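The values are calculated or read from the model by the stated rules, or taken from the named source; none is laboratory data. All of these numbers come straight from a predicted model, not from anything done at the bench. Cβ coordinates were reconstructed from backbone atoms using ideal geometry, including for glycine residues, and neighbour counts include every protein chain displayed. Only protein heavy atoms, including side chains, enter the accessible area calculation; ligands, DNA and RNA are left aside. Shrake-Rupley method; radii C 1.70, N 1.55, O 1.52, S 1.80 Å.
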Amino acid sequence: MNKGQAFLVLMLFIGGLILTTGIALAYITISSVNAGYGFQASERAEAAAVAGAEDALVQLDRNAAFAYASPGYSFSVGSSTATVIVQQNTPSAGLVTVNSTGVVSGRTRTVKVVVSDNPTTAQISLISWQDIQ
């Protein structure tokens, strides 16, 4: 093999290494950006779900008989929307269950709230608050 052929093989090898390294760095960068965007979308979906649940609690505070069964009502929070379902006497008499689901860019977060509804005092009391994945 003469000097020119050896140099060409060396340059092809070095070029291949540089190309492989560049592709690997691009893949890692894109993966990191996508992971960060997915996390942000998930957080925004949770914030929308929480805001929907809080709106339902305000509605219940104003009207103890408030109910909105499936498919629920939509509650907008900025550019996000939550679907809220309010069920009276669920899971048992005197309790109200609120399910609020926020969806942002394919990420879904749900909040389930159970409150007691005292008809004589017209007060609602928080029993449980769960973040459901």
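Is it fair to say Arg44 is open to solvent by 60 Å² or more (accessible area, probe 1.4 Å), of a type outside the set (Gly, Ala, Ser) and under 20 Å from the mean Cα position of the chain (by Cα)?
yes
Being in a helix (DSSP H, G or I), more than 19 Å from Ser80 (Cα to Cα) and of a type in the set (D, E, K, R) is true for just one of Asp55, Asp61. Which residue is that?
Asp61
For the range 97-121, what are the residues that are more than 26 Å from Glu43 (Cα to Cα) and either modelled with pLDDT of 95 or more or open to solvent by less than 50 Å² (accessible area, probe 1.4 Å) (or both)?
Ser116, Asp117
Any chance the range 4-17 includes a residue that's closer than 29 Å to Gly102 by Cβ and part of a helix (DSSP H, G or I)?
The answer is no, given that none of the residues of the range 4-17 is closer than 29 Å to Gly102 by Cβ and part of a helix (DSSP H, G or I).
Can you tell me which of Val96, Val33, Val50 is within 26 Å of the chain's Cα centre (by Cα), in a strand (DSSP E or B) and not polar (S, T, N, Q)?
Of Val96, Val33, Val50, the one residue that is within 26 Å of the chain's Cα centre (by Cα), in a strand (DSSP E or B) and not polar (S, T, N, Q) is Val96.
Consider only pairs whose beta carbons are under 7 Å apart and that are at least six residues apart or on different chains; among these, list those whose first residue lies in the range 69-98 and is in contact (Cβ under 8 Å) with a residue 24 or more places away in the chain and more than 25 Å from Ala122 (Cα to Cα) and whose second residue is hydroxyl-bearing (Ser, Thr, Tyr) and open to solvent by less than 60 Å² (accessible area, probe 1.4 Å).
Hits for this filter: Ala82/Ser100; Ala82/Thr101; Thr83/Thr101.
Test Ala6 against the stated conditions and say whether it is under 22 Å from the mean Cα position of the chain (by Cα) and surrounded by 10 or more Cβ atoms within 10 Å (Cβ to Cβ).
no
Among the residues of the range 34-44, is there at least one that is touching a residue at least 24 places away in the same chain (Cβ under 8 Å) and of a type in the set (A, V, I, L, M)?
yes
Looking for something of a type in the set (Val, Ile, Thr), in contact with a Leu (Cβ under 6 Å, 6 or more places away or on another chain) and either farther than 13 Å from Val50 by Cα or part of a strand (DSSP E or B) (or both) - is there at least one such residue anywhere in the range 120-133?
yes
Applying the selection to the range 21-41, what residues are among the polar types (S, T, N, Q) and open to solvent by less than 90 Å² (accessible area, probe 1.4 Å)?
Scanning the range 21-41 gives Thr21, Thr29, Ser31, Ser32.
Restricting to the range 52-96, what's the tally of residues that are open to solvent by 60 Å² or more (accessible area, probe 1.4 Å) and modelled with pLDDT under 90?
Looking only at that region, the number is 13.
When residues of the range 45-98 are filtered for being touching a helix residue (DSSP H, G or I) at 6+ places or on another chain (Cβ under 7 Å), under 21 Å from Asp131 (Cβ atoms) and not hydroxyl-bearing (Ser, Thr, Tyr), how many remain?
7
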